[in-house]
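Report on one structure; see the data block that follows.
The values are calculated or read from the model by the stated rules, or taken from the named source; none is laboratory data. This is a predicted model, so every value here is computed, not measured. Cβ atoms come from the backbone with ideal geometry, glycine included; neighbour counts cover every protein chain shown. Areas reflect the complete protein model, heavy atoms only, side chains present, ligands, DNA and RNA absent. Shrake-Rupley method; radii C 1.70, N 1.55, O 1.52, S 1.80 Å.
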Amino acid sequence: MATSAKVLSGPVAQFASDVRTGLCKSGQKELPSKYLYDPLGFALFEVITLLPEYGLTRADERLLRRHAKEIVSHLPSPALVSELGSGSGRKTRWILSVLCEREPVSYYPIELSRAALASCESELGDVECVSIVGVEREYLDGLREVAALRADGVHLLVLFLGSTIGNFDAGADARFLSQVRSVLAPGDSLLLGADLLKPLERMLQAYDDPLGVTAAFNLNLLGRINRELDGEFDLRQFEHVARFNEATCSIEMHLRSKTRQVVNIRRGGFAVTFETGETVWTESSHKYTRREIAELAVACGFCGEAQWVDDEWPFAESLLLAV
Ligand code: AVJ
């Protein structure tokens with residue numbers, strides 16, 4: 001009789017396979033940043049957005065609040081709204097409530113994090129005339145699903161806020177935006193939030209805050225492996241590192257092994273050796289220039305309709321039209 005090995009399926013199997021691929025690579029070990037957002041990671045990210053050193057989310061929200069009327073004035077009516085990675089949904093309130101002054105709005109947040117979808121539904125549930133339909137899918141799959149629901153003559157507005165675009169590897173941001181474009185019809189719009197290049201110290205502080213919240217957010221990825229894959233990481237044997245990569249113009253987060261250690265990931269059926277000082281790269285956050293955003297848009301089949309930049313924290317909100 002065969003021994004009954006535990007068979008993994010669905011999202012846990014995918015997680016196990018991505019962790020194995022990333023940690024068993026020769027050279028720089030890595031883990032995909034999308035896995036930072038389990039319920040604990042999502043809650044820690046929400047705290048990050050409150051940190052004085054991390055101005056990104058507040059700048060994004062300020063721009064949307066201050067310019068919601070003007071942004072909406074560029075959009076044809078009726079419009080359907082979808083958001084790639086809604087997070088808590090707090091920033092989106094301003095656009096939705098202005099749109100609602102014209103017509104009832106359907107809003108489709110697309111999120112892999114169930115905790116984020118639940119938060120979004122309760123955060124925005126009180127905005128009158130908005131019906132919220134959460135889509136628990138990868139961004140592009142979700143967007144194709146939403147686009148297929150759209151009736152003739154309805155404008156599609158896609159929100160991609162918070163500089164999540166910056167988390168793609170170099171070149172992958174353009175590939176992703178081109179794929180988004182291919183789901184849209186000419187005249188549809190994309191509101192893109194992107195964090196801008198700023199003085200080095202300011203960028204580093206934002207990703208290595210003195211309270212250690214970002215460190216906890218980063219280390220939680222190992223905690224998640226322990227919880228979901230029965231891993232045996234001792235979180236105290238790793239430390240958070242934030243550094244600026246000049247070549248890619250990105251802040252990178254890494255987890256550095258304090259000692260030489262072998263870690264067993266039991267449900268994955270493998271073990272990983274870490275050398276003293278070796279790091280696992282967990283996130284890149286690219287910092288854009290305004291010119292770069294404009295060029296990216298054109299290369300991906302959009303034209304720039306308007307752009308707003310925050311004066312306290314360099315961050316740009318760009319309204320792009322599909323051509
Ligand atoms: C909001 C996903 C873009 O890269 O700034 C915050 C997440 N990472 N602190 C970012 C994050 C570390 C973040 N995004």
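Computed from point charges on the beta carbon alone (+1 for Lys and Arg, -1 for Asp and Glu), the dipole magnitude for region 40-113 about its Cα centre is near 240 Debye.
Counted over the chain, the DSSP beta bridges are approximately 65% antiparallel.
If you line up the long axis of helix 114-124 against the longest principal axis of the chain, both from Cα atoms, how many degrees apart are they, to the nearest 10? So the inclination is approximately 30 degrees. In a simple Cβ point-charge model (Lys, Arg +1; Asp, Glu -1; nothing else charged), the chain has a dipole of about 660 debye relative to its Cα centre. Among the cysteines of the chain, those whose beta-carbon sits 4.7 Å or more from every other cysteine beta-carbon are C24, C120, C249, C300, C303.
Solvent exposure of region 170-282, expressed per residue, is 43 Å² of accessible area, with all protein chains present and a 1.4 angstrom probe. Size descriptors for region 92-228, from the alpha-carbon set: Rg then Dmax equal 17.6, 52 Å.
At q = 0.08, 0.11 Å⁻¹, what is the base-10 log of I(q)/I(0) for the chain according to the Debye formula with one equal point scatterer per Cα and no solvent? Please give it to two decimals. With one equal scatterer per Cα and no solvent, log10 I(q)/I(0) is -0.39, -0.72. Taking the protein heavy atoms of the chain in the context of the full set of protein chains, the accessible area attributed to carbon and sulfur is 53 percent at 1.4 Å. Taking 30 Å as the straight-line reach from the Cα of K91, the lysines in range (excluding those fewer than 8 positions away in the same chain) are K34, K69, K198, K287. Packing, as the average of other Cβ atoms within 10 Å across residues, places the peptides 77-84, 270-277 in the order 77-84, 270-277, highest first. Within region 103-184, the percentage of alpha carbon pairs spaced more than 14 angstrom apart rounds to 68%. For a quick check of understanding: with a 1.4 angstrom probe and all protein chains in place, what accessible area in square angstrom does E252 have, to the nearest ten? Result for E252: roughly 20 Å² accessible. Computed over the chain, the per-residue total of -39500 (n - 2.57) for DSSP H runs of n ≥ 4 gives a 222 nm mean residue ellipticity of -11500 deg cm²/dmol, rounded to 500. Heavy atoms of the protein chains alone define the surface here; on that basis region 1-91 has 49 Å² accessible area per residue at 1.4 Å probe size.
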